[in-house]
Amino acid sequence: MTILTRFKDIMSSNINALLDKAENPEKMIDQILRNLNKDLGNVKAETASIMAQEQRAKRELDECAEEVNKMERYAIKALEANNEDDARKFLEKKTELTAKQAELQESYDLSQSNAIRMREMHDKLVADIGELESRRTMIKGKMAVAKTQDRINQIGSSVNSANRSISAFERMEEKANRALDEANAMAELNRGTKDDIKDLTAKYDQNTDIDDELAGLKKRLNK
């Protein structure tokens, strides 16, 4: 019964392990559902076939059992009619049918066991698919949140990079302001030194004119 072995493996497969191996859980869960629904179709067909075998085996067993009982009833009737030879023939047939009945019983027991196992696996697969269907929306929702968080993280990295650029710009601006302030201070100092010398030279230049004028007046008075 290779079909039983194959679908037993399907039933015992760990769906979570399949999802863990997936690079894209959204695509993988859709693929798993497609595979399982395809397998479910095969399981249904095989289950129906095995259940039909069980029903045929049961029918053949019941028919054989009825024949055994019928041969016994005819043997009794033959004895009641004082026909021992006929009764013997009916009993011989009953013995033959009883042996066949034992074989049919064994065949029916196996068919019944297989049918039970297939029904159990069918029901388990249906339950697994139903559970996975209900979890698909949840898993896709989690993936959407994860993608959003990833975009936020990327934006955060860009913002941090921008902040570093802004800080560098502000440092350059501060450096330029310091250089400008120093240049203005130096220019003011230079202007202050130049004006002092000019004023000082003007002072002496002015005093020289006064001395010359004073000398001229003295000269005129001494005439």
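Okay, here's what the table says:
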read-out: Sole exception among (1) modelled with pLDDT of 70 or more; (2) of a type in the set (Val, Ile, Thr); (3) open to solvent by 70 Å² or more (accessible area, probe 1.4 Å) for Val126, by number; value: (3)
read-out: Test result for Met51, under 30 Å from Lys27 (Cα atoms), in a helix (DSSP H, G or I) and touching a helix residue (DSSP H, G or I) at 6+ places or on another chain (Cβ under 6 Å); value: no
read-out: Given (1) aliphatic (A, V, I, L, M); (2) closer than 30 Å to Ala57 by Cβ; (3) surrounded by 13 or more Cβ atoms within 10 Å (Cβ to Cβ), index of the condition Ala102 fails; value: (3)
read-out: Residues of segment 63-78 classified as more than 15 Å from Glu96 (Cα to Cα) and of a type in the set (Lys, Arg), total; value: 2
read-out: Filter result (over 49 Å from the mean Cα position of the chain (by Cα) and closer than 12 Å to Glu54 by Cα) within segment 92-121; value: Leu104, Gln105
read-out: Pair list, Cβ < 7 Å and 6+ apart or interchain, from segment 46-57 residues that are farther than 19 Å from Gln105 by Cβ to residues that are open to solvent by 60 Å² or more (accessible area, probe 1.4 Å); value: Thr47/Arg119
read-out: Candidate set from segment 151-164 (those that are at pLDDT 70 or above and not β-branched (Val, Ile, Thr)); member that is farthest from Asn35 (Cα to Cα); value: Arg164
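Residues checked against (1) part of a helix (DSSP H, G or I); (2) at pLDDT below 85; (3) not small (Gly, Ala, Ser):
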| residue | (1), (2), (3) |
| --- | --- |
| Lys27 | yes, yes, yes |
| Leu33 | yes, yes, yes |
| Leu36 | yes, yes, yes |
| Lys58 | yes, no, yes |
| Leu61 | yes, no, yes |
| Ala78 | yes, no, no |
| Thr95 | yes, no, yes |
| Thr98 | yes, no, yes |
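The values are calculated or read from the model by the stated rules, or taken from the named source; none is laboratory data. Note that the structure is a prediction, hence the values are computed from the model and not measured. Here the Cβ is made from the backbone with ideal geometry for all residues, glycine too, and neighbour counts use every protein chain on show. Side chains included, ligands, DNA and RNA excluded: accessible areas come from the protein's heavy atoms. Shrake-Rupley method; radii C 1.70, N 1.55, O 1.52, S 1.80 Å.
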